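Here's the structure, in structure tokens; my notes come after.
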């Protein structure tokens, strides 16, 4: 009887992890941002390159006011970058609801985003705040490997309605066109 119990437990254990063994794992091998003209600078820092079963890849986006005057930044849902996704083009068009979404702890602290088990509820009212000269704001983002369909080059884009962030030092709003570029490769795995 002990042998049968052992075999049953072993079979269930192997069946339980077989789904994990079949998942593709990815690695972010390079990240860059487009240099901005004007008073703002955006940089990216890769903090965890592997998007594997155990944990997502992680990076931070930092925006800095390098000018001499306050800059107002308008964004939707989360300030200053908004809710982001990945696309294989920096301008994916209007049909972007199936793009791999990036997750951020800032979604939980925003009063404009309600994260639900089956998606998100969002407020369409913009957030407008000033970034003082020399001030920086950093936001962390996470990329889960199971959200990717393949390796390749991806760009951060607004996830909903093409509502990207914009900025102004006066009355006219300029798109915050920084697009972080990620090069993602499939992680090599040991053959079974």
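The values are calculated or read from the model by the stated rules, or taken from the named source; none is laboratory data. All values derive from a computational prediction rather than experimental measurement. So basically every Cβ, Gly included, is an ideal-geometry build from the backbone, and we count neighbours across all protein chains shown.
Key figures for this structure:
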| item | result |
| --- | --- |
| Flag if residue 170 is modelled with pLDDT of 85 or more, out of contact with any helix residue (DSSP H, G or I) (no Cβ under 8 Å at 6 or more places or on another chain), in a loop (DSSP other than H, G, I, E, B) and under 21 Å from residue 33 (Cβ atoms) | no |
| Cross-chain or 6+ apart pairs with Cβ under 6 Å, segment 158-187 first and on the phi > 0 side of the Ramachandran plot and in contact (Cβ under 8 Å) with a residue 24 or more places away in the chain, then surrounded by fewer than 14 Cβ atoms within 10 Å (Cβ to Cβ) and in a loop (DSSP other than H, G, I, E, B) | 179/34 |
| Residue check, residue 178 within 23 Å of residue 105 (Cα to Cα), buried (at least 18 other Cβ atoms within 10 Å of the Cβ), in contact with a strand residue (DSSP E or B) (Cβ under 9 Å, 6 or more places away or on another chain) and modelled with pLDDT under 90 | yes |
| Which numbered condition residue 134 fails, given (1) touching a strand residue (DSSP E or B) at 6+ places or on another chain (Cβ under 7 Å); (2) outside any strand (DSSP E or B); (3) modelled with pLDDT under 85 | (3) |
| Residue 86 being surrounded by 14 or more Cβ atoms within 10 Å (Cβ to Cβ), within 16 Å of the chain's Cα centre (by Cα) and modelled with pLDDT under 85 | no |
| Count of segment 149-163 residues which are outside any strand (DSSP E or B) and at pLDDT 85 or above | 2 |
| Residue match in segment 39-46 (condition: in contact (Cβ under 8 Å) with a residue 12 or more places away in the chain, in contact with a helix residue (DSSP H, G or I) (Cβ under 7 Å, 6 or more places away or on another chain) and either assigned to a loop (DSSP other than H, G, I, E, B) or surrounded by 21 or more Cβ atoms within 10 Å (Cβ to Cβ) (or both)) | no |
